[in-house]
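Notes to accompany the following structure.
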Amino acid sequence: MVLEGKVALVTGAGQGVGQGIALALAAAGARVAVTGRTEAKLAATCDIISRRGGTAMPMVCDVRSAASLEQCVAAVVSHFGGLNILVNNAQEVPLGTLHELSEESFAAGWESGPLAVFRTMKLCYPHLKGGGCIVNLASSSGKRWDMTGFGGYAATKEAIRSLTRAAACEWGGEGIRTNAILPLAGSPGMAWWIEHKPEEAAEFLDTLPMRRVGDCERDIGAFVVMLCSDAAGYINGQSIGVDGGQALLG
């Protein structure tokens, strides 16, 4: 229970990687605010946590809305009495070639990605001072040698990495550690990709050194727990691939 007594807020925690992270944080002793747009999915995640003996609260929140984010953070702090961990996971995914990608889709990716991360980090900052931890989710898409079809998505995720580094440098002296992870896991998004673009997905999956896709809770969530624990107390401002060795970060 390395996170006993901590309070965590996880965006997009109703399914996939966000859910896996929320489950792992709760298993490590943290009280978890499970946020997202779909109430039924949030309730399902909280139910799993409750049945395992953990503590969680569902909080409907649209990360594209500044007002919704402000209300969410305030409600979490009021309910739990504080906040120690922020995990920015939620984001709409703008995929397609530059000609295919609409401005609306790219704007949605930007608003739900780097702009939401920017807003949420600033809202949580006063509560995280003195030992808090931020984990932002980026992507190895920005490291692909062939960016065809991934330019819009990679642009939003690389912006998140830059914001992560800035927060780490500016707030590290106040006891806030900020890192980004680049995960590869069996999420609903991965399932959609495999189903709709099987050849492209198969070619990519063949590049995995460990020959398997990560598990949302046991692989990605477990690493986030470690990153938020005292064991990683000197890790700050890093982008870390949690992908079985697929991406080379240089």
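The values are calculated or read from the model by the stated rules, or taken from the named source; none is laboratory data. Since this is a predicted model, take the numbers as computed values, not measurements. Quick reminder, even Gly has a Cβ in these numbers, built from the backbone with ideal geometry, and neighbours come from all protein chains shown.
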- Any idea which of (1) within 20 Å of ALA108 (Cα to Cα); (2) touching a Leu at 6+ places or on another chain (Cβ under 9 Å); (3) not basic (Lys, Arg) is the one ILE194 doesn't satisfy? (1)
- Considering each of ALA202, ALA180 in turn, give the residue that is at pLDDT 90 or above and either more than 18 Å from GLY16 (Cα to Cα) or among the small types (Gly, Ala, Ser) (or both). ALA180
- Query: Are any of the residues in the range 218-234 surrounded by fewer than 20 Cβ atoms within 10 Å (Cβ to Cβ), among the aliphatic types (A, V, I, L, M), more than 23 Å from VAL34 (Cα to Cα) and in contact (Cβ under 8 Å) with a residue 60 or more places away in the chain?
  - Reply: yes
- For GLN19, indicate whether it is in contact with an Asp or Glu (Cβ under 9 Å, 6 or more places away or on another chain) and surrounded by 24 or more Cβ atoms within 10 Å (Cβ to Cβ). yes
- Looking at the range 31-41, is at least one residue within 13 Å of the chain's Cα centre (by Cα) and in contact (Cβ under 8 Å) with a residue 60 or more places away in the chain? no
- Query: Among VAL93, VAL117, which is under 20 Å from THR38 (Cα atoms) and at pLDDT below 95?
  - Reply: VAL93
- Query: If PRO58 satisfies every condition in (1) within 16 Å of the chain's Cα centre (by Cα); (2) part of a strand (DSSP E or B) but one, which is the exception?
  - Reply: (1)
- Item | Residues located in the range 113-156, provided they are in a helix (DSSP H, G or I), among the polar types (S, T, N, Q) and closer than 23 Å to GLU170 by Cβ | THR120, THR156
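So that you can scan it fast, the table gives a plain yes or no per residue for (1) out of contact with any Gly (no Cβ under 7 Å at 6 or more places or on another chain); (2) free of Cβ contacts under 8 Å to residues at least 24 places away in the same chain:
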| position | (1), (2) |
| --- | --- |
| GLU104 | yes, yes |
| PRO114 | yes, no |
| ARG119 | yes, no |
| SER140 | no, no |
| TRP145 | yes, yes |
| LYS157 | no, no |
| GLU203 | yes, yes |
| ASP206 | yes, yes |
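Looking only at residues in the range 200-217 that are outside any helix (DSSP H, G or I) and crowded, with 18+ Cβ neighbours inside 10 Å, which one is farthest from the chain's Cα centre (by Cα)? Explain how you work it out, then say what you get.
Step one: of the range 200-217, the residues outside any helix (DSSP H, G or I) are 206-215.
Subset that is crowded, with 18+ Cβ neighbours inside 10 Å: 213-214.
Numbers: VAL213: 17, GLY214: 15 Å.
Ranking the candidates gives VAL213 first.
May I ask you to say which residue of ARG165, ARG161 is in contact (Cβ under 8 Å) with a residue 12 or more places away in the chain, touching a strand residue (DSSP E or B) at 6+ places or on another chain (Cβ under 7 Å) and among the basic types (Lys, Arg)?
Details: ARG165 fails: touching a strand residue (DSSP E or B) at 6+ places or on another chain (Cβ under 7 Å).
Criteria check complete, one pass: ARG161.
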- Message: On the basis of being part of a loop (DSSP other than H, G, I, E, B), buried (at least 18 other Cβ atoms within 10 Å of the Cβ) and either modelled with pLDDT of 95 or more or of a type in the set (A, V, I, L, M, F, W, C) (or both), does LEU9 make the cut?
- Response: no
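Out of all the residues in the range 192-199, is one or more at pLDDT 95 or above, surrounded by 12 or more Cβ atoms within 10 Å (Cβ to Cβ) and of a type in the set (Lys, Arg)?
So far as the range 192-199 goes, no, none of its residues is at pLDDT 95 or above, surrounded by 12 or more Cβ atoms within 10 Å (Cβ to Cβ) and of a type in the set (Lys, Arg).
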- Query: Taking into account only those residues within the range 40-81 that are under 20 Å from LEU3 (Cβ atoms) and polar (S, T, N, Q), which is surrounded by the fewest Cβ atoms within 10 Å (Cβ to Cβ)?
  - Reply: SER50
- What is the number of the single condition among (1) surrounded by 15 or more Cβ atoms within 10 Å (Cβ to Cβ); (2) within 22 Å of GLY189 (Cβ to Cβ) that CYS124 does not meet? (2)
